[in-house]
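Q: Got a structure here, written out as structure tokens. Questions coming.
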Amino acid sequence: MLKKKCLNAEKQIMTRIKFMISVCIGTFIYILLSIIAGRNGFYAYNQLYEQKLRLTANVSSLMKVNEQLQSEYDALKTDRSIIESYARSLGFSYDGERIIKITGIGVAEHNVYDTGTVVKIQEITFVPEYICKIAGLIAFCVSMIFMLLFSFRAERKKAPHAVLVNGNDEITLPVEVVDEIPQV
């Protein structure tokens, strides 16, 4: 009787261990999926980092253009010779002064500033939290089913058998089936 109680306690402990292993597997799958492809995972972080680099490059090019425009604005505001040359390029002259245009010589180029490009913020793609949880739950269920199947299979192999030898024939039967051993 004591041996039977020990076997039942051992079975309960093994069932609990199998359950806990399945819980750990499901939790591991959930955590792994969340860390790699979740909302705050590595995949989303890399996408955000690439966007940050694009925005930083765009801002720095706009700052360079702004510096050039600011220096040109300050020069046009204060330097008399630059104001004169700019006015002459627009076709203005002093009273009594004549303008002679010579053709065939390259036209004086004005700086055309790039005002930057529009950088659209892209949506970050990630695996939603509920899918991570469902994947963990499925991993738990599948691992629990496999453990139960393997434990039933192992119990069937452990069941005691009786071997009956009758001449050259051997018959293996489970002990429960053999109530009486036939006399030969």
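Bear in mind that the values in this text are calculations on the coordinates, not laboratory data. Every value quoted in this text rests on a predicted model; they were computed, and no experiment measured them. In this analysis, Cβ positions are derived from the backbone assuming ideal geometry, glycine residues included, and neighbour counts consider all displayed protein chains.
Q: Compute the signed sum of charges (Lys and Arg +1, Asp and Glu -1) over the other residues within less than 13 Å, Cβ to Cβ, of Cys24.
A: Net local charge, Cys24 excluded: +2.
Q: Describe numerically, in nm with one decimal, the distance between label points set 7 Å from Cα along Cα→Cβ at Leu149 and at Ile13.
A: Roughly 2.8 nm, to one decimal.
Q: So if each residue of separation counts as 0.36 nm, and I subtract the Cα-Cα distance between Leu62 and Lys5, what length gain in nm does that give?
A: Extra length available between Leu62 and Lys5 comes to 12.5 nm.
Q: Given C-alpha coordinates of the range 22-98, what is the ratio Rg to Rh with the Kirkwood estimate of Rh?
A: Answer for the range 22-98: 1.62.
Q: Compute the normalised compactness of the range 1-137: alpha-carbon radius of gyration over 2.2 N^0.38 Å, N being the residue count.
A: Normalised Cα radius of gyration, the range 1-137: 2.53.
Q: If the chain between Asp95 and Asp74 were fully stretched, how many nm would it gain, using 0.36 nm times the residue separation less the Cα-Cα distance?
A: 4.9 nm
Q: Another question, then. Evaluated at 20 °C with a viscosity of 1.002 mPa s, what Stokes-Einstein diffusion coefficient in µm²/s does the range 1-49 have when Rh comes from the Kirkwood expression over alpha-carbon pairs?
A: Answer, rounded: 159 µm²/s.
Q: What nm distance separates the two modelled labels at Phe42 and Cys24, each placed 7 Å from Cα along Cα→Cβ?
A: About 2.3 nm, to one decimal.
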